[in-house]
Amino acid sequence: SQQGEEDPQALSIQEGENATMNCSYKTSINNLQWYRQNSGRGLVHLILIRSNEREKHSGRLRVTLDTSKKSSSLLITASRAADTASYFCAKIQGAQKLVFGQGTRLTINP
Amino acid sequence: DAGVIQSPRHEVTEMGQEVTLRCKPISGHNSLFWYRQTMMRGLELLIYFNNNVPIDDSGMPEDRFSAKMPNASFSTLKIQPSEPRDSAVYFCASSFQGRGRTNEKLFFGSGTQLSVL
């Protein structure tokens, strides 16, 4: 079974606005990862945040992790049309099983 | 590096036929994962290998599915016999899992779009 889900399931915003996606999980983690999937393509790794980290940045991406609430968020600032994709968080189940949520479908309107 | 290579890119077959999906992981990676993606069930982990050994196949739907990794550079996922409900996109991913560095990021292939008629 999947550990937690992304929220919202779908998000539509105007170009230039910020997009925030959330992810919850149920058991303790070593790290949590965010991936992007463009339509018809494989997933691409964006950011990995470890359990002892609270915030991490990569370009226009900012990921936060709150282990007390068992949640993470992905913020995309100054969104662009090219950011239109599905975004997934991935958590560990067991030793090495990386389990993905259902994802957030992000649409950036020009 | 060419990344994770999957073949074929698309496969259309008739119910009852055998289907073989292939994957070449990134050179130097020691873990390989097979996922299946559908609209209804999202991304499901089917099986994963570490150092060519199957570690967890609990996600394999049933005996019709089998996976092998004869060497570090090649893996197959076989469905025999195939059924319409097997229609999905099948992804292969690889990573390097080292001592103290478990669960590092996965690199995905482009997937195989399987349609069973």
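The values are calculated or read from the model by the stated rules, or taken from the named source; none is laboratory data. Computed from a predicted structure; not experimentally measured. Because the Cβ atoms are built from the backbone with ideal geometry, glycine has one as well, and the counts that use them run over all protein chains shown. Areas reflect the complete protein model, heavy atoms only, side chains present, ligands, DNA and RNA absent. Shrake-Rupley method; radii C 1.70, N 1.55, O 1.52, S 1.80 Å.
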| query | Under the condition of being crowded, with 19+ Cβ neighbours inside 10 Å and within 14 Å of chain B (Cβ to nearest Cβ), which residue from the range A:3-29 is farthest from the chain's Cα centre (by Cα)? | reply | A:29
| note | Scanning the range B:3-29 for residues that are away from chain A (no Cβ under 11 Å), open to solvent by less than 40 Å² (accessible area, probe 1.4 Å) and either closer than 14 Å to residue B:67 by Cβ or not in a strand (DSSP E or B) (or both) gives B:8, B:16, B:19, B:20, B:21, B:23, B:25, B:26, B:29
| note | Condition set of a type in the set (A, V, I, L, M, F, W, C) and buried (at least 17 other Cβ atoms within 10 Å of the Cβ), scope the range B:30-51, selection nearest to the chain's Cα centre (by Cα): answer is B:34
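Residue by residue, here is whether (1) in contact (Cβ under 8 Å) with a residue 40 or more places away in the chain; (2) under 12 Å from residue A:97 (Cβ atoms) holds:
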{"residue": "B:45", "(1), (2)": "no, yes"}
{"residue": "B:53", "(1), (2)": "no, no"}
{"residue": "B:58", "(1), (2)": "no, yes"}
{"residue": "B:67", "(1), (2)": "no, no"}
{"residue": "B:77", "(1), (2)": "yes, no"}
{"residue": "B:94", "(1), (2)": "yes, no"}
{"residue": "B:107", "(1), (2)": "yes, no"}
{"residue": "B:111", "(1), (2)": "yes, no"}
{"residue": "B:114", "(1), (2)": "yes, no"}
| Search result, residues across the range B:30-39 that are within 20 Å of residue A:40 (Cα to Cα) and assigned to a strand (DSSP E or B) | B:33, B:34, B:35, B:36, B:37, B:38
| field | The lone exception for residue B:74 - which of (1) surrounded by 14 or more Cβ atoms within 10 Å (Cβ to Cβ); (2) within 14 Å of another protein chain (Cβ to nearest Cβ) it fails | value | (2)
| field | Number of the exception - residue B:110 against (1) away from every other protein chain (no Cβ under 14 Å); (2) closer than 19 Å to residue B:7 by Cα; (3) not in a strand (DSSP E or B) | value | (1)
| query | Where in the range B:40-99 are the strands (runs of 3 or more DSSP E), entirely inside, with at least 3 residues that are among the hydroxyl-bearing types (Ser, Thr, Tyr)? | reply | B:88-95
| field | Filtered residue count, the range B:1-56, keeping only those that are modelled with pLDDT of 95 or more and acidic (Asp, Glu) | value | 3
